[in-house]
Structure formats: structure tokens, C-alpha cells
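The values are calculated or read from the model by the stated rules, or taken from the named source; none is laboratory data. Being a predicted model, the structure only gives us computed values, none of them experimental. Cβ: placed from backbone, ideal geometry, glycine included. Neighbour counts: every protein chain shown. What goes into the accessible areas is simple: the full protein's heavy atoms, side chains included, and nothing from ligands, DNA or RNA. Shrake-Rupley method; radii C 1.70, N 1.55, O 1.52, S 1.80 Å.
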Amino acid sequence: MTKRVVFNQKGGVGKTTIVCNLAAIAASQGLRTLVIDLDTQGNATQYLTGSAPSTPDKTIADFFDSTLGFSLQSPAFASFASRTPFDNLDVVAASPRLEELIVKLEAKQKIYKFRDALKKLRGYDAVFIDTPPALNFYSRSALIAADRVLIPFDCDEFARQALYTLLENLHEIRADHNEDLAIEGIIVNQFQSRSKLPTRLVEELRAEGHPVLKQTLGSSVKVKESHEAHVPLIWHDRSHRITGDYVALFKSLKR
């Protein structure tokens with residue numbers, strides 16, 4: 001089972017869209033796939049189910065709440081998953097309650113509970129974790145639990161400076177908490193190949209030795225249409241160019 005987290009401290013870089021569409025492609029290829037939504041906004045939950053984050057019977061907040069008390073037998077993590085309308089694709093939904101739980105979780109030092117739960121998880125071939133746009137308790141928990149991290153990057157000078165800080169933080173987390181965490185690559189999102197600035201920034205990052213993935217993701221209104229329909233691109237419009245970008249990205253990742 002491969003556990004991937006998509007993370008960037010900068011908001012608006014496409015984390016949720018990347019998580020849900022890579023997971024959907026995995027599911028469409030017959031892999032039993034789980035999306036875990038750790039962002040209080042719950043966009044991944046809404047994208048995959050069309051529901052508000054608080055709608056499912058059980059959410060990721062219920063899991064974290066269960067770690068605050070003592071129990072001889074903790075509930076299996078899979079019990080917090082909900083079905084989506086799509087074959088082979090489940091989601092552990094987000095909840096606004098994550099916000100109120102974070103202080104208690106930090107006070108009781110529960111940072112490794114998510115990792116421990118995923119180690120025991122069975123029945124899935126691939127796990128994709130969506131994170132909040134901050135290096136907080138939940139994103140740290142995800143990075144400690146994951147095998148690989150993907151970093152969305154939009155081609156902007158401010159984004160590049162934030163990327164340098166992010167890479168430093170990831171190396172620190174890997175050194176202190178999860179030596180098996182691999183930085184699988186930087187995903188260039190909303191890439192405009194005909195514009196000089198994006199092309200130059202990508203070339204400079206590669207020249208500096210950063211792991212920028214060869215496959216980029218373009219820009220298309222089709223993505224917003226997919227959000228509105230609550231249907232990932234592979235099922236919304238399989239033949240569209242942007243869908244092809246995501247399929248090519250998925251194929252480029254190691255299984």
C-alpha cells in the first residue's frame with residue numbers, strides 16, 4: 001500500500017485537485033483507493049461526494065477524537081471511511097471539528113497516532129492524503145505517516161521562495177520523525193508553456209537540483225467544471241487534454 005501526501009504551506013496551489021484526480025485515476029485502474037481529507041475546509045470531501053464535510057456518519061475528526069481517550073482496543077481506521085459514488089474509491093471525510101481538536105491533540109502529544117493507524121490499515125492499494133495549507137499538527141501527522149510527498153508548485157517568485165522553506169521543513173521532518181519519507185517530486189501546476197516566466201522558473205529549479213517532475217499540469221476551465229459536477233476528470237471528461245496531463249503524471253509516479 002502506497003501512502004502519498006500532497007502538501008504545500010502555500011494555499012491555492014491545487015493540492016485538493018491533485019489528490020482527488022490522482023486517486024480517481026488509481027481507482028479507475030482497479031486499485032482500491034482511499035482519500036483522507038485533513039483540511040477543515042473539506043474540499044476533497046465535497047469534490048468526491050458532493051456533501052458538506054459534516055455530512056458523513058464518521059469523519060477524520062472522529063478518529064482523532066478517539067485517540068484522546070484510553071481504549072484497550074482502538075477502532076480500525078477503515079471504519080472511519082465512507083463510500084463515494086465511484087468504484088474503488090473511498091474517503092475519510094474532513095470535519096470542522098478538526099479545528100477545535102487541534103489544541104487537545106498537541107497538548108497530549110498525539111502526533112504519531114495517525115501514522116500508527118495507517119500502519120495497521122488493510123484493504124487498500126493506495127492512500128492519498130489532502131492537507132491544510134499550513135505546517136500544523138495535521139499536516140505534520142500526514143508527513144510522519146506517509147511514504148512519499150508530492151509538492152504542488154505554481155510558477156511564481158513568491159511560490160519559489162516559499163518552496164525553499166518548505167523543502168527545509170520536509171528535510172527536518174524526515175530527519176526527526178520519518179526517515180522513510182521520500183520527496184517524490186515537485187508538481188508544476190497551472191503551467192503555461194508559452195510564457196517566459198514559468199519556463200524560466202522551472203528551468204532554474206531543475207538547475208538547482210530540485211526534484212521537479214517532468215510531467216506538468218496545464219490550466220483549463222474543465223477543472224472548475226469537474227469541481228462543480230463533483231466528478232473527477234477521469235470520469236468527467238476522459239479525452240480532455242487536462243485529463244491526459246493527470247494520467248501522464250500518474251503513470252510517471254512509482255507504484
**Message:** Being out of contact with any Cys (no Cβ under 6 Å at 6 or more places or on another chain) and within 24 Å of K254 (Cβ to Cβ): is that true of Y124 here?
**Reply:** yes
**Asked** Given the conditions (1) under 20 Å from the mean Cα position of the chain (by Cα); (2) surrounded by fewer than 16 Cβ atoms within 10 Å (Cβ to Cβ), which single one is not true for L213?
**Response** (2)
**Fill in**
Within the range 179-210, of all residues that are open to solvent by 70 Å² or more (accessible area, probe 1.4 Å) and in contact with a Pro (Cβ under 9 Å, 6 or more places away or on another chain), the one nearest to I151 (Cα to Cα) is Q190
**Request:** From R97, R122, R140, grab the single residue that is of a type in the set (D, E, K, R) and buried (at least 19 other Cβ atoms within 10 Å of the Cβ).
**Result:** R140
**Request:** Consider only pairs whose beta carbons are under 8 Å apart and that are at least six residues apart or on different chains; among these, list those whose first residue lies in the range 198-213 and is assigned to a helix (DSSP H, G or I) and whose second residue is open to solvent by 90 Å² or more (accessible area, probe 1.4 Å).
**Result:** P198/Q192
**Request:** Identify, by number, the condition in (1) without any contact (Cβ under 8 Å) to a residue 12 or more places away in the chain; (2) within 27 Å of L34 (Cβ to Cβ) that P132 doesn't meet.
**Result:** (1)
**Request:** Can you confirm whether the range 220-233 contains a residue that is in contact with a strand residue (DSSP E or B) (Cβ under 9 Å, 6 or more places away or on another chain), open to solvent by less than 60 Å² (accessible area, probe 1.4 Å) and modelled with pLDDT of 95 or more?
**Result:** yes
**Item:** Unique residue being modelled with pLDDT under 95, crowded, with 20+ Cβ neighbours inside 10 Å and under 17 Å from the mean Cα position of the chain (by Cα) when the list is F153, F128
**Value:** F153
**Subset of the range 12-40 that is closer than 10 Å to P152 by Cα and in a loop (DSSP other than H, G, I, E, B) - its residue that is least open to solvent (accessible area, probe 1.4 Å)** = V13
**helices (runs of 4 or more DSSP H) lying entirely in the range 108-189 (those with 1 or more residues that are in contact with a His (Cβ under 6 Å, 6 or more places away or on another chain))** = 137-145
**Message:** For the range 234-252, give me the residue count where each residue is assigned to a helix (DSSP H, G or I), open to solvent by 40 Å² or more (accessible area, probe 1.4 Å) and more than 16 Å from I187 (Cα to Cα).
**Reply:** 3
**Request:** Please state which one of N88, N43 is closer than 28 Å to L253 by Cβ, in contact with a Cys (Cβ under 9 Å, 6 or more places away or on another chain) and open to solvent by 30 Å² or more (accessible area, probe 1.4 Å).
**Result:** N43
